[in-house]
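Novice: Supplied in structure tokens, the structure appears directly below.
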Amino acid sequence: MRDFMSMALRQAEVAARNVEVPVGAIVVSPDGRVVSSAHNEVVARSDPTAHAEILAIRRACRQIGSERLPGHSIFVTLEPCAMCASAISQARLGRLYFGAYDAKSGGVEHGPRVFAHRQCHFRPEVYGGFSEGGSEALLKAFFSERRRK
């Protein structure tokens, strides 16, 4: 499991080098195979929906030829926002592992708590704080650098 989060962290590092908020995501099949990976590309694509989770889900769906990813897991370096949490539910991902908690913009354990709503038709298993230190350090360094400029 930690290997998958390490891969997500490497994706987040790519995002940081591209001056994107450093978030990375990996989708893993039920048999433990990496199906897709992505990092934030909001700035590069001029697209507010180009979050790592959305891009990884889109790529995984194309890869397997389905709009749903039952039994698959997603590893993300930051607690997903409401938009991404909803996409995770819509894709029917079985498990969500995330690194750092996001009290400001999170949509799983904070804010709207998407999976707790009655309107949420599918709820994945959620494991927060997974390899939290590395994710948090990368985010803090990124935003500290932005504030200095």
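The values are calculated or read from the model by the stated rules, or taken from the named source; none is laboratory data. All values reported here derive from a predicted model rather than from experimental measurement. Here the Cβ is made from the backbone with ideal geometry for all residues, glycine too, and neighbour counts use every protein chain on show. Remember, those area values only see protein heavy atoms, side chains included, never the ligands or the DNA or RNA. Shrake-Rupley method; radii C 1.70, N 1.55, O 1.52, S 1.80 Å.
Novice: Please work out which residue is least open to solvent (accessible area, probe 1.4 Å), limiting yourself to segment 26-45 and to residues that are in a helix (DSSP H, G or I) and among the hydrophobic types (A, V, I, L, M, F, W, C). Walk me through it before giving the result.
Specialist: Step one: list which residues in segment 26-45 are in a helix (DSSP H, G or I), which gives 42-45.
Those still in the list that are among the hydrophobic types (A, V, I, L, M, F, W, C) too: 42-44.
Numbers: 42: 45, 43: 97, 44: 80 Å².
Once the filter is applied, the top-ranked residue is 42.
Novice: Looking at (1) part of a helix (DSSP H, G or I); (2) under 20 Å from residue 14 (Cα atoms); (3) within 13 Å of the chain's Cα centre (by Cα), find the lone condition where residue 87 falls short.
Specialist: Result: residue 87 fails condition (2) only.
Every residue, every condition in (1) of a type outside the set (Gly, Ala, Ser); (2) modelled with pLDDT under 95, yes or no:
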{"position": "49", "(1), (2)": "yes, no"}
{"position": "60", "(1), (2)": "no, no"}
{"position": "82", "(1), (2)": "no, no"}
{"position": "149", "(1), (2)": "yes, yes"}
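Novice: Between residues in segment 3-25 that are open to solvent by 60 Å² or more (accessible area, probe 1.4 Å) and residues that are in a loop (DSSP other than H, G, I, E, B), which pairs lie under 7 Å by C-beta distance while being six or more apart or on different chains?
Specialist: Matching pairs, first to second residue: 13/22.
Novice: Then there's this: Within segment 99-149, how many residues turn out to be open to solvent by 80 Å² or more (accessible area, probe 1.4 Å), in contact (Cβ under 8 Å) with a residue 24 or more places away in the chain and not in a loop (DSSP other than H, G, I, E, B)?
Specialist: 2
Novice: Suppose the filter is in contact with a Gly (Cβ under 7 Å, 6 or more places away or on another chain), assigned to a loop (DSSP other than H, G, I, E, B) and open to solvent by 30 Å² or more (accessible area, probe 1.4 Å); does residue 48 pass it? Let's see the steps before the verdict.
Specialist: Working: in contact with a Gly (Cβ under 7 Å, 6 or more places away or on another chain): no; assigned to a loop (DSSP other than H, G, I, E, B): yes; open to solvent by 30 Å² or more (accessible area, probe 1.4 Å): yes.
Considered against the rule, which asks whether it is in contact with a Gly (Cβ under 7 Å, 6 or more places away or on another chain), assigned to a loop (DSSP other than H, G, I, E, B) and open to solvent by 30 Å² or more (accessible area, probe 1.4 Å), residue 48 comes out as no.
Novice: Also, I was wondering about something else. Can you tell me which of (1) out of contact with any helix residue (DSSP H, G or I) (no Cβ under 8 Å at 6 or more places or on another chain); (2) surrounded by 24 or more Cβ atoms within 10 Å (Cβ to Cβ); (3) under 19 Å from residue 21 (Cβ atoms) is the one residue 76 doesn't meet?
Specialist: Evaluating residue 76 over (1) out of contact with any helix residue (DSSP H, G or I) (no Cβ under 8 Å at 6 or more places or on another chain); (2) surrounded by 24 or more Cβ atoms within 10 Å (Cβ to Cβ); (3) under 19 Å from residue 21 (Cβ atoms) leaves (1) as the failure.
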